[in-house]
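See structure below.
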Amino acid sequence: MSRLDDGAGKMIGAEALMRALRKEGTRQVFGLPGGANLPMYDELYKSDIRHILVRHEQSAAHMADGFGRVSRKPGVCFATSGPGATNVLTGIATAQADSAPMVAVTGQVPVSMIGRDAFQESDIIGMANPVVKYAFQPRSAAEIPGAVRKGFYIAETGRPGPVLLDIPKDVQQNEAEMEFPDEFKIRGYHPWTDPDIASVEKALGMILSSQRPIILAGGGTIISMAFSELQAVAEALMMPVVTTFKGKGSFPENHPLSLGPIGMHGHAEANRLMTEADCVLAVGTRFSDRSVGTFEEFEKRLKIIHMDVDPAEIGKNQRTSVAVVGDVRASLRVMVKMLASRAARGDGGEWLGHVREVKRYWKENLKIHPGEMSAARILRKLRSALPPEAVVTTEVGQHQMWASLFYDVIQPGTFFSSTGLGTMGWGFPAAIGAKVARPGVPVVDIAGDGSFNMTENSLATSVLEDIPVIVFLVNNFTLGMVAQWQRTFYDRRMIGVDQKHCPDYVKLARSYGAQGLRAQSLDELGAAVKEALSSEVATVIDIPIDPEEDVLPFVAPGTPLKDMILPS
Amino acid sequence: MAESGGSGGQWAILSILVENRPGILFKVTHLFRSRNFNIDSISVGVTEDPDVSRMTITTYGDERQVAQVVKQLDKMIDTIEVRHLDEHKTVYRELVLFKIRLGSAKDSMEINKLAGAYGAKVHDARKDSIMVELAAAPDQVRAFEELAAPFGITETARTGIAALQRSGS
Ligand SMILES: Cc1ncc(C[n+]2csc(CCOP(=O)(O)OP(=O)(O)O)c2C)c(N)n1
């Protein structure tokens with residue numbers, strides 16, 4: 001670390017970049033080199049920042065994203081100009097859709113070549129603008145330290161998001177007198193607002209005067225780590241808690257007040273009780289269509305209290321009765337304090353009795369798919385085999401929704417998924433990023449075969465960089481979610497969904513030097529997870545299931561939550 | 001401003017202070033597109049602070065939509081201030097150049113008279129056409145346009161509306 005001590009001086013842009021990253025606490029970058037970022041890589045070589053080589057830049061972005069969601073510090077990824085940069089775009093858009101902190105650094109052709117359709121030039125700033133929180137293109141080397149400082153600040157404050165730094169090659173190479181200022185000013189950015197005490201007071205009054213209050217916890221609850229505050233409010237007011245899919249696991253799912261996620265594939269009891277409530281305390285959610293279906297149906301009589309850090313979310317998708325703008329953890333903390341000085345609400349009365357009854361009913365009466373290796377059974381098996389602190393990521397498809405339905409999150413903040421963009425291939429590289437952030441706990445990607453195909457070459461990264469994660473491959477040999485829609489809405493005209501048993505995932509894993517296991521019974525599955533947990537390398541557990549199993553309950557798009565399609 | 005852009009909506013004039021840097025105009029207009037909003041008129045120019053530009057944008061929407069676009073603009077890191085201007089407390093001006101056809105010497109006289117009445121300047125007077133420069137409030141511009149239309153307006157160029165709220169409001 002001789003070169004990278006703090007302090008100003010004359011150096012080239014690429015060295016200033018490493019120094020500035022180091023100052024932000026960056027210990028590793030995920031990336032892949034090319035012509036336009038070679039100066040950066042040369043300085044990376046000289047620095048003590050670890051490089052984690054990927055086999056596709058999209059995975060570098062997902063790894064940085066997974067790292068960021070778990071550590072709440074921006075993950076950093078590197079890519080070259082042109083195709084390297086466009087390859088990270090999907091990863092950037094995924095992070096933006098789920099408000100994940102990330103700093104993506106791309107190389108660019110030299111300033112003098114910009115705009116001339118040079119080799120491997122792409123206007124990545126123009127392409128990325130709609131899907132980043134902010135983008136910088138320093139035009140002189142001396143701008144780099146400031147851009148990094150501001151970039152990290154923007155990425156991790158307020159509603160987090162991805163920031164792009166696009167650095168022309170000559171700007172990386174040019175020498176300048178560098179300063180690394182801690183202080184800076186961005187005139188148009190004020191991410192923190194103090195908790196709005198008057199609105200919290202009003203919200204509390206509204207809850208206390210309602211008959212059937214419910215909490216709807218969204219992803220913002222997880223981002224702000226408002227776990228204990230959420231639990232304190234729920235317990236003091238004896239309010240049942242539903243979550244959005246992104247908010248899954250913001251509240252322990254084994255808690256008596258927990259009803260689980262609502263939405264298109266929400267828990268039956270959650271969807272049912274959500275439609276019966278008369279007052280909802282919505283915390284850090286944007287009322288996405290996937291969560292609330294057609295909400296107008298009952299929103300008229302529903303009083304909606306909306307807490308969010310992003311003022312632009314208030315009223316975007318939903319009319320509100322009371323808006324509480326500010327960091328949701330701070331707002332909930334104010335509510336907890338107010339509650340401490342009041343008499344408790346008691347046992348929750350009739351409403352809570354009804355809630356318990358509905359919950360019990362669905363526990364006893366929800367039919368699950370027959371067969372030993374049904375989704376419900378394998379996911380419950382996984383839950384019982386993992387410690388509460390294990391981190392789970394998912395891919396996108398039926399397995400993701402089964403994870404939502406049947407994998408209970410016990411320790412808040414241990415479940416992550418691409419919920420906003422729904423990016424197949426996110427879960428595995430994100431799991432690798434998560435493992436880097438939390439090396440001491442098991443990290444499991446609950447995967448579908450189709451999604452795993454998209455980024456399975458990250459097995460090389462996992463094995464060679466010694467970042468062992470577990471791929472829990474729910475293998476139905478099809479693009480199952482699409483197949484389910486074709487069965488349900490297109491009269492079984494199946495097209496483009498059959499994966500035809502290709503590849504063999506056990507052999508695939510082994511060819512990368514990872515462990516490949518196949519589990520065809522619950523006993524084998526239990527043993528496989530146990531083996532994976534003690535393995536020194538990544539393990540892929542291939543779990544063949546019935547290709548015809550549907551995800552149920554199902555709220556069809558454009559219909560209200562109460563019109564759930566249930567298993568027959 | 002055009003007459004109306006739909007039902008249940010209203011015209012809104014937004015005054016936006018932004019960082020004076022390349023690419024910001026693109027980002028602001030992109031935001032309108034991505035949020036499904038139309039820009040009816042736009043004027044941009046640097047302010048008394050050379051690092052800051054003012055954009056004046058006219059758009060159309062119902063109250064909730066306009067409030068949403070204002071919030072989204074506010075959220076943009078490059079915007080310093082976003083104001084939805086109150087019609088009654090604001091001075092609006094638009095500069096428009098009209099090229100008008102002249103059928104006869106009488107036409108020429110009448111256009112000159114009309115221009116005089118609206119405080120417009122006359123340029124490039126020829127036998128068969130004349131150019132008129134009008135700087136006025138949007139409703140004045142509209143009235144002038146209606147009166148000039150029968151002569152035949154062959155070309156129009158507008159700057160877009162510039163607006164400033166009166167002091168003390
Ligand atoms: C990149 C990308 N392409 C296409 C889709 C559309 N899509 C959603 S789910 C799905 C099927 C996923 O298949 P698989 O990963 O095997 O999971 P399963 O549904 O079978 O559990 C597809 C194609 C998507 N979400 N992301």
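Assorted remarks:
- Condition met for A:S250 (buried (at least 24 other Cβ atoms within 10 Å of the Cβ), modelled with pLDDT of 95 or more and among the small types (G, A, S)): yes
- Looking across region A:200-218, the residues that are surrounded by fewer than 19 Cβ atoms within 10 Å (Cβ to Cβ) and part of a helix (DSSP H, G or I) come down to A:E201, A:K202, A:G205, A:M206, A:L208.
- Scope region A:183-203; condition away from every other protein chain (no Cβ under 14 Å) and in contact with a strand residue (DSSP E or B) (Cβ under 7 Å, 6 or more places away or on another chain); matching residues: A:D196, A:S199, A:V200, A:K202, A:A203
- Checked across region A:469-483, the condition of being farther than 30 Å from A:D289 by Cα and either within 25 Å of the chain's Cα centre (by Cα) or outside the structural domain of A:N271 (by TED's automatic domain parsing) (or both) holds for at least one residue.
- Qualifying position, being assigned to a loop (DSSP other than H, G, I, E, B), within 11 Å of chain A (Cβ to nearest Cβ) and either open to solvent by 60 Å² or more (accessible area, probe 1.4 Å) or closer than 26 Å to A:A128 by Cα (or both), among B:P22, B:P50: B:P22
- The residues of region A:162-188 that are in contact with a Leu (Cβ under 9 Å, 6 or more places away or on another chain), at pLDDT 95 or above and farther than 15 Å from A:A20 by Cβ amount to a single one, A:K169.
- Failed item in (1) open to solvent by 20 Å² or more (accessible area, probe 1.4 Å); (2) away from every other protein chain (no Cβ under 14 Å); (3) under 16 Å from the mean Cα position of the chain (by Cα); (4) farther than 23 Å from B:F144 by Cα, with B:D40 passing the rest: (4)
- The residue list A:T94, A:T90, A:T26 contains one member that is touching a residue at least 12 places away in the same chain (Cβ under 8 Å) and open to solvent by 20 Å² or more (accessible area, probe 1.4 Å), which is A:T90.
- Residue in region B:78-87 that is farther than 29 Å from A:P191 by Cα and more than 10 Å from chain A (Cβ to nearest Cβ) present: yes
- Filtered residues of region B:37-69 (kept if of a type in the set (A, V, I, L, M) and in contact with a helix residue (DSSP H, G or I) (Cβ under 9 Å, 6 or more places away or on another chain)): B:I39, B:I42, B:V44, B:M55, B:I57, B:V69
- Looking across B:D49, B:D74, one residue alone is outside the structural domain of B:A157 (by TED's automatic domain parsing) and out of contact with any strand residue (DSSP E or B) (no Cβ under 8 Å at 6 or more places or on another chain). It is B:D49.
- Index of the failed condition, B:K71 passing every other in (1) open to solvent by less than 20 Å² (accessible area, probe 1.4 Å); (2) touching a Pro at 6+ places or on another chain (Cβ under 8 Å): (1)
- Region A:388-403 - residue that is within 13 Å of the ligand (Cβ to nearest atom) and over 13 Å from the mean Cα position of the chain (by Cα) and, of those, farthest from the other protein chains (Cβ to nearest Cβ): A:W402
- Residue within region A:53-71 that is of a type in the set (K, R) and either in a helix (DSSP H, G or I) or surrounded by 24 or more Cβ atoms within 10 Å (Cβ to Cβ) (or both) present: yes
- Contact annotation: residue pairs with Cβ atoms under 8 Å, 6 or more positions apart or on different chains, pairing a residue in region A:491-511 that is touching a residue at least 24 places away in the same chain (Cβ under 8 Å) with a partner that is aromatic (F, W, Y), are A:Q499/A:F477; A:H501/A:F477; A:Y505/A:F452.
- Tally, over region B:53-68, of residues that are open to solvent by less than 10 Å² (accessible area, probe 1.4 Å) and more than 14 Å from chain A (Cβ to nearest Cβ): 4
- The criterion of at least 3 residues that are away from chain B (no Cβ under 14 Å) is met by the following helices (runs of 4 or more DSSP H) wholly inside region A:82-182: A:83-97, A:144-156, A:169-173.
- Inter-residue pairs, beta-carbon under 8 Å, first of a type in the set (F, W, Y) and in region A:473-487, second within 8 Å of the ligand (Cβ to nearest atom) and assigned to a helix (DSSP H, G or I), 6+ apart: A:F477/A:D449
One line per residue, one yes/no per condition, for (1) away from chain B (no Cβ under 14 Å); (2) in contact with a strand residue (DSSP E or B) (Cβ under 9 Å, 6 or more places away or on another chain); (3) more than 9 Å from the ligand (Cβ to nearest atom):
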site	(1), (2), (3)
A:L421	yes, no, no
A:G433	yes, yes, yes
A:G448	yes, yes, no
A:N453	yes, no, no
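Table: residues versus (1) outside any strand (DSSP E or B); (2) modelled with pLDDT under 95; (3) buried (at least 19 other Cβ atoms within 10 Å of the Cβ).
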{"residue": "B:V82", "(1), (2), (3)": "no, no, yes"}
{"residue": "B:I100", "(1), (2), (3)": "no, no, yes"}
{"residue": "B:S108", "(1), (2), (3)": "yes, yes, yes"}
{"residue": "B:A115", "(1), (2), (3)": "yes, no, yes"}
{"residue": "B:K127", "(1), (2), (3)": "yes, yes, no"}
{"residue": "B:T154", "(1), (2), (3)": "no, no, no"}
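The values are calculated or read from the model by the stated rules, or taken from the named source; none is laboratory data. What you are looking at is a predicted structure, and each value in this text was computed from that prediction instead of being measured. No Cβ is skipped: glycine too gets one built from the backbone with ideal geometry, and neighbour counts run over all protein chains shown. Just the protein is used for accessible areas: all its heavy atoms, side chains included, with ligands, DNA and RNA removed. Shrake-Rupley method; radii C 1.70, N 1.55, O 1.52, S 1.80 Å.
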